[in-house]
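Novice: Following this message is one structure expressed as structure tokens.
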Amino acid sequence: MKKLLWGILCAVLLFCPTITASAGKEKAPEVFVNGQKVIFKDVSPTIINGRTMIPIRKVSEVIGEAKIEYNNGNIKINNGVNYVSMNIGNKQVVKNGKSITIDVAPLLVKERTMVPVRFISEALDAKVGWNNQTYIVSINTETSIPVLMYHHFSEKIVDGNTTIKPSEFKEHLQYLKKNGFSTISVSDLMAYKEGTASLPENPVLITLDDGYLSNYQYAFPVLKELKMKATIFIVTQDVGNTTLLNPHFNWVQAREMEKSGFVDIQSHTNYSHYKVGKHAALSSPMNGETHIQFKNRVRKDLITSRDLIRRNLGKTSLALAYPYGSYSGSTLKIAKEVGFKMAFTVKKGHVYKQSPQFELDRINIPQGMSGEEVVQLIEDCAY
């Protein structure tokens, strides 16, 4: 809790550029702490001379374990570990007895005291990020897990949103490894969320959807070479078959990948990866179905998928990836009831310890990105 409390003090962003809205007014940045949006009711965060400022009143609400004193323009913050003293209009700040010069002094906005606390982040175990396109400040005081989403690998790119070149995938993984990222499995993630295990520093979960043969031909050799893990979500009815001209790996190949320890096979349904019009099969009644018929169909599909994985791979499927990221309240409830422990969407963002177990975010990786750009995308999505 203390990390979360002090994490909000990091809401003043490192290297945050001044932003001006099209109407000529500064756009108020949004602040997220460990994936949760912070609500400012009276005075919103603002950017002054390139630094994000937040109301001291909001700070005091969030860091309830800290003692905050305000007297004639002097602000003192003390959480028993760090002591900070600052004054309105003065860039000289005292932290733990040492004088520090900050970029922007505390100031009054609409009779509210606004404080920059950029300097505190240097002494705290918190990661601070800024997305220049969405104007989002993200403060992470706990481990955040980016879940990357891939699909198909080919030299011929038909859909650059779901297909990338094999060489790109290898470069992505090499760059991640070189920059200190450690791949994990869904079992690792579940144990962390349940509080029974810790994660390595800079964890990342690599996922591949659909179970295409290209996963076996191109991704699997890279994973073995680099000794990195990935999870493949398979449409069990498509195993060993060809759909839309793309062949899928078979159960023999699936067992080989599972046995290696570098690939974890999970469910992408049995036969629910399709749409009728704009409606996805896993989230909406199809062809005049009643709601009861819809729920029975989904239940049967998910049970069949888990059973095929159990019979062919000798394992229990823990995780589900919703096709198209589409699901409903009924879908979520049924997924829990048939035995899944977590499920993944395609909503962009990171996974946190408190993230809803059946609504876990992922980050799609399209064609044409370098490893460096993938890491930048990971940082931009940390909210």
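The values are calculated or read from the model by the stated rules, or taken from the named source; none is laboratory data. Source: prediction; values computed, not measured. Ideal geometry is used to build each Cβ from the backbone, glycine not excepted, and the neighbour counts take in all protein chains shown.
Novice: Sort out for me the strands (runs of 3 or more DSSP E) sitting completely within region 125-215 that have 2 or more residues that are surrounded by 20 or more Cβ atoms within 10 Å (Cβ to Cβ) and β-branched (V, I, T).
Specialist: Ranges flagged: 136-140, 145-150, 203-210.
Novice: Which residues, taken from region 259-275, are within 17 Å of L318 (Cα to Cα) and part of a loop (DSSP other than H, G, I, E, B)?
Specialist: Matches in region 259-275: G261, F262, H268, T269, N270.
Novice: Could you check P356 against (1) closer than 20 Å to F32 by Cβ; (2) buried (at least 19 other Cβ atoms within 10 Å of the Cβ); (3) not polar (S, T, N, Q) and say which number it fails?
Specialist: P356 satisfies all of (1) closer than 20 Å to F32 by Cβ; (2) buried (at least 19 other Cβ atoms within 10 Å of the Cβ); (3) not polar (S, T, N, Q) except (2).
Novice: Every residue in region 205-216 that is under 17 Å from I164 (Cα atoms) and either among the aliphatic types (A, V, I, L, M) or not assigned by TED's automatic domain parsing to the domain that holds I157 (or both), please.
Specialist: Passing the criteria: I206, L208, L213.
Novice: In region 310-363, which residue that is part of a helix (DSSP H, G or I) and of a type in the set (S, T, N, Q) is nearest to F249 (Cα to Cα)?
Specialist: Only one residue fits best here, namely N312.
Novice: Could you check region 98-121 and list, in sequence order, the residues that are in a loop (DSSP other than H, G, I, E, B), touching a strand residue (DSSP E or B) at 6+ places or on another chain (Cβ under 7 Å) and at pLDDT below 85?
Specialist: Residues satisfying the conditions are I102, D103, V104, P116.
A quick yes/no check of all residues on (1) part of a loop (DSSP other than H, G, I, E, B); (2) among the polar types (S, T, N, Q); (3) within 18 Å of I164 (Cβ to Cβ); (4) not assigned by TED's automatic domain parsing to the domain that holds S167:
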site	(1), (2), (3), (4)
Y218	no, no, yes, no
V222	no, no, yes, no
M228	yes, no, yes, no
I232	no, no, yes, no
Q237	no, yes, no, no
G240	yes, no, no, no
P247	no, no, yes, no
Q253	no, yes, no, no
M257	no, no, no, no
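Novice: Also, I was wondering about something else. Answer yes or no as to whether S326 is small (G, A, S), in the same structural domain as K259 (by TED's automatic domain parsing), within 29 Å of the chain's Cα centre (by Cα) and modelled with pLDDT under 95.
Specialist: no
Novice: Moving on to the next point. Would you check which residues across region 343-383 are touching a Leu at 6+ places or on another chain (Cβ under 9 Å) and among the hydroxyl-bearing types (S, T, Y) and list them?
Specialist: Correct list: T345 only.
Novice: One residue is enough: does region 233-243 have a residue meeting the conditions of a type in the set (F, W, Y), touching a residue at least 12 places away in the same chain (Cβ under 8 Å) and either under 17 Å from A343 (Cβ atoms) or surrounded by fewer than 16 Cβ atoms within 10 Å (Cβ to Cβ) (or both)?
Specialist: There is at least one residue in region 233-243 that is of a type in the set (F, W, Y), touching a residue at least 12 places away in the same chain (Cβ under 8 Å) and either under 17 Å from A343 (Cβ atoms) or surrounded by fewer than 16 Cβ atoms within 10 Å (Cβ to Cβ) (or both).
Novice: Just the residues that are within 30 Å of D380 (Cβ to Cβ) and aliphatic (A, V, I, L, M), please, taken from region 325-351.
Specialist: Of everything in region 325-351, those that are within 30 Å of D380 (Cβ to Cβ) and aliphatic (A, V, I, L, M) turn out to be L332, A335, M342, A343, V346, V351.
Novice: Here is a follow-up. What's the number of the condition E289 fails, among (1) surrounded by fewer than 21 Cβ atoms within 10 Å (Cβ to Cβ); (2) assigned to a strand (DSSP E or B); (3) not hydroxyl-bearing (S, T, Y)?
Specialist: It fails just one condition, (2).
Novice: Can you give me the number of residues within region 175-234 that are among the charged types (D, E, K, R) and more than 16 Å from S260 (Cβ to Cβ)?
Specialist: Narrowing region 175-234 to residues among the charged types (D, E, K, R): 177-178, 188, 193-194, 201, 209-210, 224-225, 227, 229.
From what's left, more than 16 Å from S260 (Cβ to Cβ): 177-178, 188, 193-194, 201, 209-210.
Number satisfying all stated conditions: 8.
Novice: Additional query: Pick from region 365-374 the residues that are outside any loop (DSSP other than H, G, I, E, B) and surrounded by 18 or more Cβ atoms within 10 Å (Cβ to Cβ): which of them is nearest to the chain's Cα centre (by Cα)?
Specialist: My answer is V374.
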